[in-house]
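To start, the structure under review is shown below, and the notes come after it.
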Amino acid sequence: MMAELEFVTFINKTLKPRITEREIVLDLFAGCGGLSLGFEAAGYKTIGFEMDKNACETYNLNLKGSCQNIKLESSFIFPEAQIIIGGPPCQPFSVGGHQKGIDDTRNGFPIFIQAVKQVRPAIFLFENVRGLLYTNKWYFETIVKELTQLGYNINFALLNAVEYGVPQNRERLFVVGHSSEFQFPKKNKNKTTVGEAIGDIMYTTPQESKFLNAAQDTYIAKYEKASDCINPRDLYPGKPARTLTCRNLAGATGDMQRVRLDDGRRRRLLIREAARLQTFPDWFDFCGNETSRFNQIGNAVPPLLAYKIALSVKDCFNNKFSLATKSQTLFPVNEELYHKVK
């Protein structure tokens, strides 16, 4: 296990954009750029597409690539690229939601599939909630079938971020399409704890601190009793955190993320604490009001997990195409975008 602050130093140094590769990565439904940050740290220049204005501004503020503030439609013409990544909106398939699936207007899979058909990348990857494998499993199988018919091999796995160095239990579905061989990253032997991520600020009370009042304490106690909770759902320094979501970060809910202070008071999680538990480095700033920033963090793919997956994608790509082959026209490169990378 890492010592306190060693983990913070690690993500601050490791998760920095450092463009070394020629290939372009398109990030659909990019959010604030958690997935893109992982790919830029692995050497790729990214181009993002995101309909939320604040998230798009966050992406453009922090990453080397650029993000277009746009609501993607099936008629959109994408630029040429060798890799497509993205997180189609997960609410239609979330176990915690209504699971309307394809009947939900937020379903982004038709657009993602259309992008793959149009661009024909060497590799694509998408992330979604595990609920896609439950009530809506038939739809997931339809998606896989359609992508397979385009000539791609499909690998998918439920990955828990806590097994890849993220100080948070967060299980998500990752799907990779390729024409070679792909291996998901190896799991860590040890788990990173809350204390390793935020131990230096966990028991502080900065000016922006928001404390739970007596009525909230009473409500939470009733909530935890009704849900047969053995231990209060506070953050514990010796354990990883529970899954961070928009709901338990931005909302005053029974399962809200909170810290119990030495004097017995409990306060809501700070923006920087939430960001670190998602493995956003300290230099990464968020745009918008407090609720928007919490939502951006809760919706993001943890950048450290994204980075490790990006390295696996890079291995798959480089094993398939030698340097000589990549320099040819098998996957045409938009020269204007290439010069921006260089």
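Each reported figure results from applying straightforward, stated rules to the coordinates on display, with no laboratory input. Just so it is clear, the structure is predicted and the values come from calculations on it, not from any experiment. Cβ placement follows ideal geometry from the backbone for every residue including glycine, while neighbour counts extend to all protein chains displayed.
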Return one number: the angle in degrees, 0 to 90 and rounded to the nearest 10, between the long axis of the Cα atoms of helix 137-148 and the longest principal axis of the Cα atoms of the chain. 30
Could you check the spin-label model distance between Glu141 and Tyr236? Points 7 Å from the Cα along Cα→Cβ, value in nm. 3.9
To the nearest 10 degrees, how steeply does helix 303-320 sit against the main Cα axis of the chain, on a 0 to 90 scale? 20
Taking the chain, the whole-percent share of alpha-carbon pairs separated by over 30 angstrom is 35
Roughly what % of Cα-Cα distances in the range 194-297 sit above 25 Å, to the whole percent? 15
For the chain, what is the mean residue ellipticity at 222 nm derived from helices alone (per DSSP H run of n ≥ 4: -39500 (n - 2.57); sum divided by total residues; nearest 500 deg cm²/dmol)? -10000 deg cm²/dmol
With label points set 7 Å from each Cα along the Cα-to-Cβ direction at Lys189 and Gln114, the distance between them in nm comes to 4.9
Relative contact order (percent, whole number), the chain, Cα cutoff 8 Å, 6+ residue spacing: 22
Here the residues of the range 250-282 lying in the modelled label zone of Asp217, meaning backbone nitrogen under 15 Å from a point 7 Å along Cα-to-Cβ, are 259-268
Longest principal axis of the chain (C-alpha) makes with the long axis of helix 214-226 (C-alpha) an angle, in degrees to the nearest 10, of 70
So for the range 194-297, averaging the separation of alpha carbon pairs under 8 Å that are six or more residues apart and normalising by length, what relative contact order in percent results? 33
Taking 24 Å as the cut-off for C-alpha to C-alpha distance, list the pairs among Lys117/Lys186; Lys186/Lys320; Lys137/Lys320; Lys145/Lys308 that go past it. Lys117/Lys186; Lys137/Lys320; Lys145/Lys308
Label-point separation in nm, Tyr134 to Arg22, each point 7 Å along Cα→Cβ: 4.6
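Can you compute the FRET efficiency between Phe76 and Asp262 using 1/(1 + (r/R0)^6), with r the Cβ-Cβ distance and R0 = 35 Å? Round to the nearest 0.05.
After rounding to 0.05, the efficiency reads 0.10.
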